[in-house]
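Each remark here refers to the structure printed beneath this line.
Read the figures in this text as sums done on the coordinates, not as results from a lab. In this text, all values refer to a predicted model and were calculated from it rather than measured experimentally. Neighbour counts run over all protein chains shown; Cβ positions are idealised from the backbone, glycine included.
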Amino acid sequence: MMNEYIGVLDSGVGGLSILSELYKAMPDKNYIYVGDTKNIPYGTKTPLEVYSYTKEILNYFLKNNVKNVVIACNTTSAVAYDELKNEFKDRLKIFPLIQSIASCAIEGLKDKDKIALLATRATVNSKKYEQEIHEINSKIEVISIDCTGFVEIVENRLYEEDKSIDLIKSKLDKVEKSGAKRVILGCTHYPYLVDIFRKILDVEYFNPAISLAQKVKNEINFNGNGEIKFYSTINPDEFKKSAKTFFDIKGNVELIEL
Ligand code: DGL
């Protein structure tokens, strides 16, 4: 019998921040990770484009004995999850990011408290975080900040560049001025920048990965052996290089054409 896998997808290496928490929580499961580096960044694409890229990935998962999919991408969860859920219902169980973790993100906050969201343009424009948070507590103020450019810093390893630091400072300046004491890392690439964030602004940074992994763990039940396969849709060697500091990829990253 062929092994069963959990499918994990993102536009690039960002979703590895989710995969590492999934693997910590469930080291006995098998995983297939796809980084759609051919189409990165998703955050500046239209909802229809993001839907069509991710639909191809889910079709690939279906052919490879995946029954559960974790959307390790806020942008996809924000702009394409509803359509994907509809399209693949009865065939795949899909765990979206934002919808799964909104209540954890605001845990302990009271009416009138402020929370800042750092995210891609598409996520900010979708207002999905606001919507999900306000369904739980409509009195929490969400300050959403479009951080276009952060994904490229991570994917291209531009951490040391002055331009990168200036961009990060300009966004965190907005957080500081807003008075928010908690910040949602609303793009799976951003946990890799959090050490830089902390040096610039001392607030609480919420990484959705841990809460998402716990939720998935509570709902998934199959026996595996801890195998992880990595794929990217262009330049697998570059993917491996960018992933290096975040995830110890043992074997090769394979190229897939979708
Ligand atoms: N890492 C993804 C997210 O969480 C996508 C970033 C992008 O490709 O723009 O939104």
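Hydrodynamic radius of the stretch 1-104 by the Kirkwood approach over all distinct alpha-carbon pairs: 13.7 Å. Arranged from fewest to most other beta-carbon atoms within 10 Å of their beta carbon, LEU201, LEU193 become LEU201, LEU193. Computed over the stretch 39-78, the alpha-carbon pair-distance distribution with 10 angstrom bins reads 28, 54, 18, 0, each value a whole percent. Along the stretch 136-147 the Karplus relation, 6.51 cos²θ - 1.76 cosθ + 1.60 evaluated at θ = phi - 60°, assigns HN-Hα couplings of 8, 8, 6, 9, 7, 8, 9, 9, 9, 10, 6, 10 Hz to successive residues, with x for each Gly and Pro.
Comparing Cα centroids, the stretch 45-104 and the stretch 1-36 end up 14 angstrom apart. Per-residue ellipticity at 222 nm computed for the chain from its helices equals -12500 deg cm²/dmol, with DSSP H segments shorter than 4 residues left out and the rest contributing -39,500 (n - 2.57). Using θ = phi - 60° in the Karplus curve 6.51 cos²θ - 1.76 cosθ + 1.60, the 3J(HN,Hα) couplings for the stretch 95-107 round to 9, x, 7, 4, 4, 7, 10, 3, 5, 5, 4, 9, 4 Hz; x is entered for Gly and Pro. For the stretch 85-153, the spherically averaged projection of the C-alpha convex hull amounts to 5.9 nm².
Quick one: order THR46, THR75, THR37, THR123 by neighbouring beta-carbon count within 10 Å, fewest to most.
So the ranking, lowest neighbour count to highest, is THR46, THR37, THR123, THR75.
Pairs spanning more than 18 Å between alpha-carbon atoms, out of LYS63/LYS89; LYS38/LYS85; LYS45/LYS171; LYS139/LYS171; LYS114/LYS177; LYS45/LYS174: LYS38/LYS85; LYS45/LYS171; LYS139/LYS171; LYS45/LYS174. A cut-off of 5 Å between modelled amide H atoms, ignoring neighbours fewer than 5 places along the same chain, links TYR205 with VAL183. Its Cα gyration tensor gives the chain an equivalent ellipsoid; the semi-axes, largest first and in whole Å, are 28, 21, 17.
Here the convex hull built on the C-alpha positions of the stretch 31-184 has a volume of 123 cubic angstrom per residue. The distance separating the Cα centre of the stretch 141-200 from that of the stretch 224-258 comes to 25 Å.
Taking a sphere under 13 Å around the Cβ of ASN3 and counting the other residues whose Cβ falls inside, with K and R at +1 and D and E at -1, yields a net charge of 0.
Ordering VAL175, VAL142 from the fewest to the most neighbouring beta carbons within 10 Å gives VAL142, VAL175.
When the Cα atoms of the stretch 50-115 are aligned to their principal axes, the ranges along those axes come out at 47, 20, 17 Å in descending order. Hydrodynamic radius of the stretch 176-258 by the Kirkwood approach over all distinct alpha-carbon pairs: 15.9 Å.
Contact order for the stretch 172-258, expressed relative to its length and based on alpha carbon pairs under 8 Å spaced 6+ residues apart, stands at 24 percent.
In the stretch 1-46, the alpha-carbon atoms span a convex hull of 80 Å³ per residue. Taking all Cα pairs closer than 8 Å and separated by 6 or more residues, the relative contact order of the chain comes to 28 percent. Applying the Karplus relation 6.51 cos²θ - 1.76 cosθ + 1.60 with θ = phi - 60° to the stretch 236-244 yields 3J(HN,Hα) values of x, 5, 5, 4, 4, 5, 5, 6, 3 Hz, where x marks Gly and Pro.
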